Amino acid sequence: MTELTEPLLAAAAVMIECLTHGGKILACGNGGSAADAQHFAAELVNRFEMNRPGLAAVALTHDASVITSIANDFSFAQVFSRQVEALGRPGDVLLAISTSGNSENVVAAATAAHATGMQTIALTGGHDGGDLGQSKYVQHHLNINHPSTPRIQEMHITCLHILCTIIDSDMFGGRS
């Protein structure tokens, strides 16, 4: 946790700034990371550990019609970037999750977020976070330096819960 303390605080500050100014957080990932993106969005939209107003967050992983139409008409590599282009606005934040850091569609989403004027927070794993972790379009990188995908995923959900706690505490004064 000593390695992640400052990156977690910086990422939370970016999310809080976004949400306080009427922005939204878009989250994406594949497989287990898709589930993490949906989980994080649900914690913000509904509640985490306290009753509070809903916060603007959208998982780009949940609309089968949108995902399959983009994959069919363009490519699977564009399923998230097209949604970022359509839904993202300057000041919004992209939460890009990839255990390997090499998911082409997640890396493309970070590129699209940059072009839209959004900041990107990457949640990755492995030695250096792969292509996503090394992308010049990622402003905040939370990397779990471990070779095991299950261990990376376990730490990802812990990081997401820590971000939720910080957001709730800063914006609404803590737990109820």
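The values are calculated or read from the model by the stated rules, or taken from the named source; none is laboratory data. For clarity, every value in this text was computed on a predicted model and none was experimentally measured. Because the Cβ atoms are built from the backbone with ideal geometry, glycine has one as well, and the counts that use them run over all protein chains shown. The accessibility values were calculated without ligands, DNA or RNA, using every heavy atom of the protein model including side chains. Shrake-Rupley method; radii C 1.70, N 1.55, O 1.52, S 1.80 Å.
Side notes on the structure shown:
- Area of E6 that stays accessible when all protein chains are in place (1.4 Å probe, Å², to 10): 130 Å²
- Among 139-148, 87-96, the peptide with the highest mean count of other Cβ atoms within 10 Å heads the list, and the full ranking is 87-96, 139-148.
- The Rg/Rh ratio of the stretch 1-40, with both radii computed over alpha carbons and Rh defined as the Kirkwood radius, is 1.06.
- Derived scalar couplings ³J(HN,Hα) [the stretch 30-46; Karplus, 6.51 cos²θ - 1.76 cosθ + 1.60; whole Hz; x for Gly, Pro]: 10, x, x, 5, 5, 4, 5, 4, 5, 4, 4, 4, 5, 4, 7, 5, 8
- Computed over every Cα-Cα pair of the chain and binned at 10 Å starting from 0, the pair-distance distribution P(r) comes out as 11, 42, 36, 10, 1 percent.
- The chain, accessible area per residue, ligands and nucleic acids excluded (1.4 Å, Å²): 46 Å²
- Structure remark: mean-square fluctuation, Gaussian network model of the chain, C-alpha springs under 10 Å; the largest value among G54, G133, G29 belongs to G54.
- Normalised Debye scattering of the stretch 100-176 at q = 0.14, 0.23, 0.24, 0.26 Å⁻¹ gives log10 I(q)/I(0) of -0.51, -1.00, -1.04, -1.11, counting only Cα atoms as equal scatterers and leaving out solvent.
- Heavy-atom accessible surface of the chain: percent carbon and sulfur, 1.4 Å: 52 percent
- Karplus-derived HN-Hα couplings along the stretch 78-95 (A = 6.51, B = -1.76, C = 1.60, θ = phi - 60°), whole Hz, x at Gly and Pro: 10, 4, 9, 5, 4, 5, 4, 4, 7, 9, x, 9, x, x, 6, 10, 9, 9
- Karplus (6.51, -1.76, 1.60) ³J(HN,Hα), θ = phi - 60°, over the stretch 58-64, in Hz, Gly and Pro reported as x: 9, 8, 7, 10, 9, 9, 4
- Largest to smallest accessible area among K136, K24 [probe 1.4 Å]: K136, K24
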